[in-house]
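One structure is given below, encoded as structure tokens.
Computed from the coordinates by the stated procedures, all read-outs in this text should not be read as laboratory data. Please read these numbers as outputs of a predicted model, since none were measured by experiment. We place every Cβ from the backbone using ideal geometry, glycine too, and count neighbours over all the protein chains shown.
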Amino acid sequence: MKALEDYLVVDFSQFLSGPSASLRLADMGARVIKIERLGIGDICRTLYTSDVIMNGESSVFHAINRNKESFEVDLKDPEDCKMVRELLMKADVMIHNFRPGVMERLGFDYLSVKQINSQIVYAALSGYGEDGNGKGKPGQDLLLQSVTGLTWLSGNAGSGPVAMGLSIVDMLAGSHLAQAILACLFRKITSGEGALVEVSMMGSAYDFQFETITTFMNDGEALPERTAKNNAHAYLGAPYGIYRTSDGFIALAMGSIPVLAGLLDCEALNAYPMLSEAYDKRDEIKAVLAAHLETDTTRKWLSILEPADIWCADVLNWKQLMEHEGFKALNMIQEVEMNDGYTYRTTRCPIRIDGELLVSAKGSPKLGQDNEQIINQFINVNSDIHEQRAN
């Protein structure tokens, strides 16, 4: 039995942030019902992050909405709203990531939902929070990376602001939302209380930088300075970075420069014996190290550094990763199947509980595929509406 079996999550969210939270709850056993707009559904169904179309819809939708059900409704239709309210009466959790004010207009704000289910955990995710002049702006990942300082940590010193290559703020906010929901579900067991959970993407992006922001505030508010080359962390000294070799790349984390000089047989590094120089002269050191590492292969350098317990790694692309023994040992790939028989491979939940992998063979839902089952099980409506929505 999975940890969240018998819990019902009603999920109004779309795109990535909210659905990433409900995906994690589904992986842990919760039943997740997506509330989707009539005829359109989650906008992510047609929001393509690439030209990869899977079974007529975007790859990102399939990746983040597996193991869920779809309930297709028109939230401007009073009868459909009545059905959704009946569903919410039986729910443990409700999630949405609409801009502030939208759920109030639809009649599904926290106070309204609390009136029909006082014990519900109501989880709201926004871009900029409920207060301030940003609350009406779109909560889009690149925009949040930009306004929260994240883009000044990646890339080299002369490269200007650099965005991360993933929707990292979406995923962080979704993770924080899932954490808070789990905490409130635990409290609900012990006290019977429901809860209002609020997470903003902006807050999550700030929290993600707790290490660097704390340094900034306690260092005279000096802005972080990236190294000119091989930057991987704006505050850490040499050798921290990724370096080209004669046939690929190698990543080096923290390490003693004099020790590296001896192991790599790099005489030029002996000119930097002081620990402070790893910070004060890190551009010089990295330039010396970069030139030296290009003289031989990644395998050669790893064969020297790994036995000496130097923190280092090969730099793999996805094809190489799939062949890596460490990746294979984790069994991170699962195959899932949609109701129409379409199958696809995707990642599994990275969590184990009591040694059990949290996997499910259930793929993403077709729009409205679960209407009939949901209506039959949860909703008391007249037969005309039943027939209209089931079809």
Between 0 and 90°, nearest 10: helix 17-27 axis offset from the chain longest Cα axis: 80 degrees
Arg105, Arg99, Arg85 arranged by Cβ crowding within 10 Å, fewest neighbours leading: Arg105, Arg99, Arg85
Student exercise, the chain dipole from Lys, Arg, Asp, Glu Cβ charges, in Debye to nearest 20: 280 debye
Percent of Cα-Cα distances greater than 20 Å, calculated over region 233-391: 67 percent
Inverse mean reciprocal Cα-Cα distance (Kirkwood Rh) of region 1-59, Å: 12.5 Å
Sequence-separation-based contact order of the chain, relative, with Cα cut under 8 Å and 6+ spacing, percent: 17 percent
Debye, to nearest 20: dipole size of region 1-48, +1 on Lys, Arg Cβ, -1 on Asp, Glu Cβ: 100 debye
Footprinting exposure proxy for Thr347, Thr151 (fewest neighbouring C-beta atoms within 10 Å first): Thr347, Thr151
Longest DSSP-loop-exposure-free segment, GluC sites (Glu not before Pro), the chain, at most 14 other Cβ within 10 Å: 6-129
Nearest-20 debye value, region 65-126 charge dipole, Cβ charges on Lys, Arg, Asp, Glu: 220 debye
Within-10-Å neighbourhood charge of Thr245 [Cβ basis; K, R +1; D, E -1]: -1
Nearby lysines by direct alpha-carbon distance to Lys366 (threshold 22 angstrom, same-chain neighbours under 8 apart not counted): Lys34, Lys68, Lys76
Top positive-direction residue, dipole computed over the chain with Cβ charges, set Leu357, Gly155, Asn65: Asn65
Farthest positive-ward along region 163-268 dipole, Cα basis, beta-carbon charges - from Met201, Thr227, Met164: Met201
5 angstrom amide H check on Gln369, placed H, neighbours 5+ away: Ser70
The chain shape via C-alpha gyration tensor axes, a/c threshold 1.5: prolate
